[in-house]
Each structure stands twice: as structure tokens, then as C-alpha cells.
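The values are calculated or read from the model by the stated rules, or taken from the named source; none is laboratory data. These numbers come from a predicted model, not from an experiment. Here the Cβ positions follow ideal geometry from the backbone for every residue, glycine too, while neighbour counts run over all protein chains shown.
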Amino acid sequence: MKEVEILIIGGGPAGLSAAAAAAGLGASVLVLERDDKPGGQLVKQTHKFFGSKKQYAGDRGYQIGSFLIEQCENDSKVEVWADTTVLGIYEDGVVTAEGKGKHLKINPERIIVATGASEKMIAFPNNDLPGIYGAGAVQTLMNVYGIVPGQRVLMIGAGNIGLIVSYQMLQAGVEVAAIIEAAPTIGGYLVHASKVRRTGVPILTSHTIIEAYGQESVEGALICKLDENWQPIPGTEQDLKVDVICLAVGLSPLTELCFQADCQMKYVPELSGHVPLRNKYLETTRSGLYVAGDVSGVEEASSAMVEGRLAGVSAAYSLGYGNDVAPKLQAEALAELSELRAGPAGQKTVNGIKKLMDKGGVVC
Amino acid sequence: MRITEHPILDFQRGEEVTFSFDGQELKGLAGETIAAALHAVGVKVLGHSHKMHRPRGLFCAIGNCSSCLMVVDGEPNVRICVEKLKSGMRVETQRGKGRLK
């Protein structure tokens with residue numbers, strides 16, 4: 001049995017930030033990452049981040065990822081076990097994991113769940129054909145392995161991920177036939193949308209996919225325009241010859257471990273699914289178990305990093321570390337989160353968190 | 001197809017290795033996943049669903065969705081999107097649920 005003060009599940013932006021913050025106050029930390037290297041989805045982000053300098057504004061995602069990994073590698077208080085998948089959190093606090101073919105047991109004093117999110121799917125005929133990918137899969141193929149998914153793509157979803165991944169495909173030499181979005185407005189930031197529009201790629205709002213077609217893999221897609229009640233308008237069908245359909249239709253928090261650990265959960269659409277109830281320092285209803293990043297409500301890597309820092313500081317503080325500085329660090333992180341959520345996109349998160357912590361709603 | 005020129009990224013590519021796919025000899029790069037190697041040579045159909053026999057391809061590429069299960073060196077149900085390619089690997093299309101030897 002491995003004994004550790006703070007166990008962090010997930011080595012993405014939230015988990016690594018939590019590790020660095022907790023270790024910075026003197027706690028010993030173990031990070032478990034199922035992939036063969038930490039960094040999460042940051043390692044696939046080629047665009048520059050926004051926010052303030054403290055949130056690495058101006059740096060590209062993969063550069064931020066490398067920085068966070070280095071920070072943890074250079075800290076003797078942080079251990080990172082890659083290729084290790086957490087299997088369960090037990091009633092007595094023991095966490096089990098599978099790593100390199102071995103069954104591992106860990107006995108931590110505090111746990112921070114930073115498992116991130118997985119991609120959503122939408123329903124349409126033939127949505128299971130080869131050639132239909134989640135946007136994250138396309139990023140992995142292109143930006144990690146240097147392989148293009150195909151020659152001509154239809155992107156579904158004009159949120160930030162849909163816009164950014166479309167631009168990344170253009171950079172990799174893939175033609176983007178169109179970006180379609182069922183909502184009447186573009187969901188992502190104007191700066192990302194403008195970059196794509198300047199290349200001539202149409203962004204068709206109030207448009208949806210009717211069906212994909214193809215024998216053994218995607219050969220094309222039928223799309224159409226939607227009226228103000230989100231109903232297809234007859235006669236507006238278009239047939240796009242594409243060999244790739246990319247889905248960027250949102251993410252769901254990966255909360256299996258929170259459910260299993262008996263955290264109280266609530267369904268909050270603004271946070272993209274079931275999320276654990278927690279206090280403002282991100283401790284859930286299971287004492288000593290914290291959450292940070294997309295698992296606590298889908299947002300962006302910038303806020304995931306700040307949440308990680310907040311959870312890391314809070315967990316270390318609860319163990320008696322950093323008594324002199326922790327309250328100040330917590331207040332700083334909370335102020336940064338408010339600032340990041342100040343815009344119109346952040347308002348949704350703020351409303352979601354309020355709903356989550358309100359007395360109403362069904363707790364499961 | 002592999003990206004040869006990229007405005008931002010500089011790909012650190014591994015050495016070329018040979019592996020087999022349903023008996024056919026193919027080349028890939030050490031350190032990439034089996035799925036990446038197959039994709040690079042244009043293999044998109046990785047199997048068929050059990051009941052309806054519909055083609056299955058790569059979907060999530062990070063080990064979440066189980067759309068890419070194949071038989072690797074005789075072991076069934078390997079998620080080839082996270083399994084790294086090694087020289088001499090035998091990759092086969094899986095039929096049915098697979099059987100442990």
C-alpha cells in the first residue's frame with residue numbers, strides 16, 4: 001500500500017496545477033495519469049491562450065502543458081505515475097489503480113479528482129460510420145501524431161473547440177467544407193471565428209446535419225437550415241461531399257469516480273452534466289475529496305488551472321501546511337476565477353455554480 | 001496521411017518499424033499508436049459491430065469509447081488508439097467479442 005498525503009487523479013491542467021500548488025506548501029503529492037505522459041489535452045492545443053499573465057496568456061497550450069509538466073518534474077514533493085488508471089475510491093479511503101499491468105493500492109489523506117471531461121455525441125442517421133470523430137480525436141491525430149484525419153471535413157459545432165479545431169485542420173492542410181451550428185449564433189469567441197472566416201470557410205448558424213452517408217466510411221453529409229423553432233426548413237438541404245465529419249458538440253464531466261465515492265451530485269445543464277456539490281474551496285460532500293477542472297463543470301483550461309491551484313492549496317492547508325500563506329493564495333485564486341468568469345460566456349458558469357449550490361434541484 | 005509541413009508544430013517522429021495488419025505487411029513509426037499508424041496508411045475501418053456488422057472506426061482516440069478494439073499479438077479487445085506500435089506487431093481485425101487464449 002502506497003501512503004501519500006495528497007492523491008491527484010488526472011494529470012491535465014487542473015491536476016498538474018493542483019500538484020504544484022500543494023507541493024509548493026510542503027505537502028507530498030502523487031499524481032495518477034492514465035495516458036503515457038501527463039499534460040492532458042493541453043499538449044494538443046496549438047493556439048495562444050487568453051486571460052492574464054498569471055494564466056499564461058500569450059503562450060500556446062502545448063507550451064503551457066510542457067511548463068506544468070516541468071514544474072512537477074522538478075519538485076521533489078511531486079511524484080507522477082503515468083500509464084496508471086484509477087479504478088475505484090473505496091469507503092475506507094483506499095484508492096485502487098491499474099498501472100503497467102499491476103493492481104495498485106494507495107492510501108491518501110486527501111484526494112483531488114481532476115479527471116476532466118469526455119466528448120458528447122449527437123444523434124443522426126449513420127453517426128457511427130468510420131470518418132466521424134470527436135474533435136479531440138482529430139486534435140490527437142494531427143497535433144500529437146502528425147496525421148490528418150482525411151481530406152475534406154464538415155465541422156459540427158461553432159463553439160470554441162469547433163472553431164479552433166477547424167483552424168488547426170486548415171493549418172494541417174485539410175479542407176474545411178463548412179462549420180455548422182444549430183444555434184442562431186456562433187458560440188465561440190469572435191477572435192477564433194474571425195480567424196476561420198478570413199480563410200473563406202463558411203460558418204452556417206441555424207444549420208444541422210440530417211444524415212451522414214457512405215458505404216464503409218463517410219462519403220458525405222446532408223445538412224439543412226433550421227427555423228426559429230429549431231425545425232428543418234424544407235428545400236434548404238445541401239449535400240456536402242466530405243470524408244470526415246468532426247463533432248464539437250460539447251463535453252460531459254467525467255464524474256464516475258465522484259459518483260462511486262458517494263459525493264452528492266446534481267444535474268446542472270450550465271455545467272454540462274452531473275457535477276458534485278462542493279464548497280467554494282472545491283471540497284465535495286465527501287470530506288477530504290476535492291474536485292478541480294472540467295469534472296466540476298465544463299469550462300476552459302485557464303479556469304481549470306486556477307481551480308487546480310485552489311484545490312491544491314485548500315487540500316494542503318487542511319493538512320496543516322502553509323498556515324501563513326494559504327488563505328491569501330485561496331483568496332487570490334477565487335478572485336482570478338471571478339475575473340475569468342466575468343464575460344458573457346463565464347456568466348453561464350456562474351449561474352451553474354449558483355444553481356448547484358442552491359437548496360433546490362434533485363441531489364443524487 | 002502524414003503532415004509534412006506545419007506552421008507551428010515540429011513533429012518528433014520515431015524510427016520506421018514494420019508490423020502486420022491482417023497478414024499484410026505495413027510500415028509505421030515507433031512510439032505512435034497502432035491507430036495512428038493505420039490511419040497514416042489510410043486504414044479507416046477497424047472492425048465491424050457484433051450484431052449489425054456495421055463498420056467501426058476511430059472515434060475518441062484517447063481510450064474512452066472502445067470503437068477501435070482489435071486483436072494485437074493474439075490478445076483481443078486491445079484499444080489500439082492508446083496501444084503503442086512496436087516492431088513486428090501482429091494486428092488483426094477482431095470478429096466477435098474475442099477469446100482469451
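Before moving on, here are some points about what is shown:
Residue-by-condition table, conditions (1) basic (Lys, Arg); (2) at negative phi; (3) more than 17 Å from the chain's Cα centre (by Cα):
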residue: A:Asp294; (1), (2), (3): no, yes, no
residue: A:Glu299; (1), (2), (3): no, yes, no
residue: A:Ala335; (1), (2), (3): no, yes, yes
residue: A:Ala345; (1), (2), (3): no, yes, no
residue: A:Asn351; (1), (2), (3): no, yes, yes
residue: A:Lys359; (1), (2), (3): yes, yes, yes
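- All of (1) more than 13 Å from chain A (Cβ to nearest Cβ); (2) small (Gly, Ala, Ser); (3) outside any loop (DSSP other than H, G, I, E, B) hold for B:Gly98 with one exception: (3).
Quick grid of which residues meet (1) under 22 Å from A:Val138 (Cβ atoms); (2) more than 13 Å from chain A (Cβ to nearest Cβ); (3) of a type outside the set (Phe, Trp, Tyr); (4) in contact (Cβ under 8 Å) with a residue 60 or more places away in the chain:
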position: B:Ile8; (1), (2), (3), (4): yes, no, yes, no
position: B:Val17; (1), (2), (3), (4): no, yes, yes, yes
position: B:Ala36; (1), (2), (3), (4): yes, no, yes, no
position: B:Pro76; (1), (2), (3), (4): no, yes, yes, no
position: B:Cys81; (1), (2), (3), (4): yes, no, yes, no
position: B:Lys86; (1), (2), (3), (4): no, yes, yes, yes
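- Of all the residues in the range A:113-124, those that are at the interface with chain B (Cβ under 8 Å from one of its Cβ atoms) and surrounded by fewer than 21 Cβ atoms within 10 Å (Cβ to Cβ) number 1.
- Here A:Arg110 meets the list (1) among the charged types (D, E, K, R); (2) surrounded by fewer than 22 Cβ atoms within 10 Å (Cβ to Cβ); (3) within 30 Å of A:Ala335 (Cα to Cα); (4) away from chain B (no Cβ under 14 Å) almost entirely, failing just condition (2).
- Taking the range A:293-347 as the range and being of a type in the set (S, T, N, Q) and assigned to a helix (DSSP H, G or I) as the test, the residues that pass are A:Ser296, A:Ser302, A:Ser303, A:Ser314, A:Ser318, A:Gln330, A:Ser338, A:Gln347.
- Residue in the range A:90-101 that is of a type in the set (A, V, I, L, M) and without any contact (Cβ under 8 Å) to a residue 12 or more places away in the chain present: no
- Where strands (runs of 3 or more DSSP E) sit wholly within the range B:23-80, those with at least 2 residues that are in contact with an Asp or Glu (Cβ under 7 Å, 6 or more places away or on another chain) occupy B:24-29, B:69-72.
- Within the range A:76-86, considering residues that are away from chain B (no Cβ under 14 Å) and touching a strand residue (DSSP E or B) at 6+ places or on another chain (Cβ under 8 Å), the one surrounded by the fewest Cβ atoms within 10 Å (Cβ to Cβ): A:Glu79
- At least 1 residues being surrounded by 15 or more Cβ atoms within 10 Å (Cβ to Cβ) and free of Cβ contacts under 8 Å to residues at least 60 places away in the same chain is the threshold, and among the strands (runs of 3 or more DSSP E) wholly inside the range A:125-242 those reaching it are A:175-181, A:203-205, A:207-213, A:220-225, A:238-240.
- Some residue of the range B:63-77 being modelled with pLDDT under 95 and among the aliphatic types (A, V, I, L, M): no
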